[in-house]
1. Give segment 272-311 a look and list any residue that's of a type in the set (S, T, N, Q) and touching a helix residue (DSSP H, G or I) at 6+ places or on another chain (Cβ under 6 Å), or say none.
2. Provide a single number: the residues in segment 287-308 that are in contact (Cβ under 8 Å) with a residue 40 or more places away in the chain and either among the charged types (D, E, K, R) or surrounded by 15 or more Cβ atoms within 10 Å (Cβ to Cβ) (or both).
3. Restricting to segment 116-133, what's the tally of residues that are crowded, with 24+ Cβ neighbours inside 10 Å and of a type in the set (S, T, Y)?
4. Which of the residues spanning segment 441-459 are part of a helix (DSSP H, G or I) and more than 19 Å from the chain's Cα centre (by Cα)?
5. Going by the conditions given, is T177 in the same structural domain as L541 (by TED's automatic domain parsing), closer than 30 Å to L408 by Cβ and among the hydroxyl-bearing types (S, T, Y)?
6. I'm told K320 meets every condition in (1) farther than 30 Å from C374 by Cα; (2) part of a helix (DSSP H, G or I) except one. Can you identify the failing condition by its number?
7. For segment 603-660, list the strands (runs of 3 or more DSSP E) that sit wholly inside it and hold at least 1 residues that are among the hydroxyl-bearing types (S, T, Y), out of contact with any Pro (no Cβ under 9 Å at 6 or more places or on another chain) and touching a residue at least 12 places away in the same chain (Cβ under 8 Å); which are they?
8. Of all residues being of a type outside the set (S, T, N, Q), closer than 22 Å to E345 by Cα and in contact with a Phe, Trp or Tyr (Cβ under 7 Å, 6 or more places away or on another chain) in segment 684-725, which is surrounded by the fewest Cβ atoms within 10 Å (Cβ to Cβ)? Just the residue, please.
Amino acid sequence: MRSWTGPAVGRSSYVPMLSLGSQSDRPCRRSALKILRILSLVLLTVLIVAATWGYLAGTGYWGDRQTLGEIVLEPRTRIAEASDLVRSDKQILFGDLHAHTTFSFDAFNISLPMYGGEGSHPPSDACDFARYCSALDFWSINDHAEGLTPRQWSLTRDAVRHCNAAAGDPQNPDMVTFLGWEWTQIGNTPDEHYGHKNVILKDTAEGMIPARPISSREQLFPGGANPFGIPMRLLMIAGGVGDQGRQPYHDFARFLEDRSQLATCPRGVPVRDLPADCQESAPTPTELFGKLDDWGYPYMVIPHGNTWGFYTPPLTSWDKQLAAHTTPDKHEPLIEVFSGHGNIEQYRSWRARGIDENGEEVCPPPTEDFLPECWRAGEIIFERCVRGGESSEECDQRAAATRANFILTKDLGHWTVPGAEVEDWLNAGQCTDCYMPAYNYRPASSVQYGLAIRDFSRGAEPGRFRWGMIGSSDVHTARPGIGYKEFRRLNMTDSALGRLGPPAILKDREPVADFLSIDEAGGMVGPYFERFASFFGTGGLVAVHSEGRSRDAVWDALQRKEVYATSGDRILLWFDLRNEAQSAAMGSSVRSRENPNFEVTAAGAFEQKPGCPPDTLRVMKEDKLQRLCGGECFHPSDRRKRIDRIEVVRILPQDSPDEAVEGLIEDPWRVLPCPPGNGGCSVRFIDEDFTGNARDAVYYVRAIEEVSPTINGDQLRCESDEQGRCVAVDPCRATWPTDPTDDCLAPAEERAWSSPIFVDWASAQ
């Protein structure tokens, strides 16, 4: 048994020696403790200051809100159309009914230095660009309603009024500016997807417009899935280096925080009884139309981008939307057939997904003219697998599993193929024989499909779409009407959107010979922005046959659908029914038992001179001229491009619900050559089959210009083998290794699309 035998005093004196040391050490230890306390307080203070700074920075305390900007308050001297083809009864005016400023979230995002952006482009820039750079006759502002704050809506209204005030005589203005917004709806499945629609208002005065824009959802980022929370904002601010420093990111944080503070309007309350400063939403088009009808002010809703697979579920079609319409001709009289995001005109019978006997989605095999993305995903894995020495049987199994995995996602499947480059996908998902088609084409949402179907649930009078066709830009840099010259791709088009992309960890993954699940790939990381960059162009225009230049005259032309679309060139086009018993202009609906006889007249756009006209140089300061117009403006010569041919499309709308659409769309139905020279083209044609068919028919024409260099005119720039299959691509990127000065010009045939003439069969009474 062990015991302590030493003196008690020895034991008690031993402990103090260990804890306090000698008497001479005690002051030093007290000083050390004091220093530790001071350092702790300093550290705590630093942490509190850092946390406070982080909170304030993350909530935009040091950010500035965008202002209206300054508008040049002087009307433009109009450029006369020097052509013998211009008719005296109506004049053709050109406009753009789809322009975004940096009041829109996506536009502000790509304006940041990290994406090579130019900085803020508020509504004043859009007004000045439309007036002095692109020399439009009319335009509208259409920022995304989902993020517009009450303050920004107020500034937008002020900007539109100031822009109109600078236009001169209201009965003969140099330019008409319309107020509007975009209703931006995206669904994850065809059943819940309706797409994007622009709302255009006729009037601009207080008391004649809705108190607030109507969005498709209550939040900018629904479900709380905000990728731009405070941590992300702080990372962006911390990384803000270079000439502009951190201020643009402080401003972006302020921009985001303002949106997070938006109050949601209560549901079920009449629109006029809602607070002016709440966020109002309508999740379906039916509810949107109802709210606009409740306001009672003149408006029109214009759908756009419906074939864009960038956000449209693969099997989406117009059938659901037509069935939901009570009066489609009233609520959606026009459709945007062409924009800076591509062409949505043409129908094709292939689909990006198939349906098996159990009603489940499957990956369809490729055809001669279409390679599904899901199929190409399997090919990529198969090729890697074989190169790795695995058996063909094993590689086939991996390819099949990859395709099955790919279709579990709507637009994120690319990230399930690790390490895949843009070039690996070849031309998968694209309409290979369409003119400048939208990315990842959805043919059942095309204009032609919509014109061919009917809703037979309504009995004796089946529902139909009777759209007039327009073009616009959908630009996000406050530059309406950018198609006047093909230059400065990364500034004048939306190609900068291609710089938005996934985290580097996804792009830098090793290209292994097997797929990843979407969870393994990082979850909801966003669409394939970089590949999308090859599909951005300068966009289209809307042309109206107007009885004057006033707001009322332009609006009336839009309402009666006496309008046409162009791919950006200011082509002149007339398309008329010329029967002995009746005449009608494009956009008209008539009833007849006589074979329809048509007349088409077209003239190419004026070739452009370099630089800007004297009027613009006189009123715009040099720095703004360079920043906004890039030193180049609409500056026509007196020589027109040649119209090569007129193509006629005939569509026979369904007579029964089981009638296949494939046999009803005849494109082209006729091709009519034009004479050489630049003197214009005038042709006539007749449908000899109309009375024999004894059914309704729809006719529209395309006026095709001679080939000219066009931004992204060849999109993915495929290299084909002897069988015509795409074996390699040279995509036009927005990021390295593409040369930022490369405008990706390629020969393309600019064109104009007339609004249809709807000739209904007049049954015997």
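1. Of everything in segment 272-311, those that are of a type in the set (S, T, N, Q) and touching a helix residue (DSSP H, G or I) at 6+ places or on another chain (Cβ under 6 Å) turn out to be T286, N306, T307.
2. Residues flagged as in contact (Cβ under 8 Å) with a residue 40 or more places away in the chain and either among the charged types (D, E, K, R) or surrounded by 15 or more Cβ atoms within 10 Å (Cβ to Cβ) (or both) within segment 287-308 amount to 15.
3. The qualifying residues number 1.
4. Passing the criteria: Q448, Y449, G450, L451, A452, F456, S457, R458.
5. Details: in the same structural domain as L541 (by TED's automatic domain parsing): yes; closer than 30 Å to L408 by Cβ: no; among the hydroxyl-bearing types (S, T, Y): yes.
Considered against the rule, which asks whether it is in the same structural domain as L541 (by TED's automatic domain parsing), closer than 30 Å to L408 by Cβ and among the hydroxyl-bearing types (S, T, Y), T177 comes out as no.
6. (1)
7. On the way: elements: 606-608, 636-640, 643-651.
Where strands (runs of 3 or more DSSP E) fall fully within segment 603-660 and carry at least 1 residues being among the hydroxyl-bearing types (S, T, Y), out of contact with any Pro (no Cβ under 9 Å at 6 or more places or on another chain) and touching a residue at least 12 places away in the same chain (Cβ under 8 Å), they are 636-640.
8. Result: D696.
The values are calculated or read from the model by the stated rules, or taken from the named source; none is laboratory data. Every value quoted in this text rests on a predicted model; they were computed, and no experiment measured them. Reconstructed Cβ throughout: ideal geometry from the backbone, glycine too, with neighbour counts over all protein chains shown.
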